[in-house]
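Asker: Below is one structure. I have some questions about it.
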């Protein structure tokens, strides 16, 4: 029996629908369907949740399904690249934040260099298959917990306000201050998203 069939059988034995399992695991309904059809596999933390839900030992999953084990191994490598990407993005935002205070040509080259490094990392993860196209983003997953939804709605609302304020500030004497404040808030949002992604907070 393949992994997809196994978890589908366990779900049906517990008389649970895909929607109910998705809510319990706080993932999208599509993710459950993809796992059962073996179009993709869960990540490490979600597999532990599946193990607890279906009362199947985690090690048994890895021992019985080599393709799942390979996917989990790739997941660990992928996480390292995600951390690198977040780090590069944070440095890029920091550079943008202090850019209004520095008009040097070398500083502009640094910003462009950081941006190209980020693009190169994204390209590498896509080419090597390390980037999961079906990765559940907390702010678009309707099964995310209410606090996470509130955090993202509030965060993006404030961010939109700051960006509009920053653009308005370009035409006033407060332009630098507005842009710096927007950059600081973007840094905070990036750090928050990293923590949510890193610790699989749903």
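The values are calculated or read from the model by the stated rules, or taken from the named source; none is laboratory data. Quick caveat, the model's predicted, so the values are computed rather than measured. Reconstructed Cβ throughout: ideal geometry from the backbone, glycine too, with neighbour counts over all protein chains shown.
Asker: Could you please find all residues in region 1-27 being outside any helix (DSSP H, G or I) and either touching a residue at least 12 places away in the same chain (Cβ under 8 Å) or touching a helix residue (DSSP H, G or I) at 6+ places or on another chain (Cβ under 9 Å) (or both)?
Answerer: Answer for region 1-27, where residues must be outside any helix (DSSP H, G or I) and either touching a residue at least 12 places away in the same chain (Cβ under 8 Å) or touching a helix residue (DSSP H, G or I) at 6+ places or on another chain (Cβ under 9 Å) (or both): 1, 2, 14, 16, 17, 26, 27.
Asker: Take residues that are within 30 Å of residue 182 (Cβ to Cβ), at pLDDT below 90 and touching a helix residue (DSSP H, G or I) at 6+ places or on another chain (Cβ under 6 Å) and tell me which of the helices (runs of 4 or more DSSP H) falling wholly in region 28-101 contain 3 or more.
Answerer: Where helices (runs of 4 or more DSSP H) fall fully within region 28-101 and carry at least 3 residues being within 30 Å of residue 182 (Cβ to Cβ), at pLDDT below 90 and touching a helix residue (DSSP H, G or I) at 6+ places or on another chain (Cβ under 6 Å), they are 66-98.
Asker: A follow-up question, please. Within region 127-147, is even one residue touching a helix residue (DSSP H, G or I) at 6+ places or on another chain (Cβ under 6 Å), surrounded by 12 or more Cβ atoms within 10 Å (Cβ to Cβ), under 25 Å from residue 87 (Cβ atoms) and at pLDDT 65 or above?
Answerer: No; the residues of region 127-147 include none that is touching a helix residue (DSSP H, G or I) at 6+ places or on another chain (Cβ under 6 Å), surrounded by 12 or more Cβ atoms within 10 Å (Cβ to Cβ), under 25 Å from residue 87 (Cβ atoms) and at pLDDT 65 or above.
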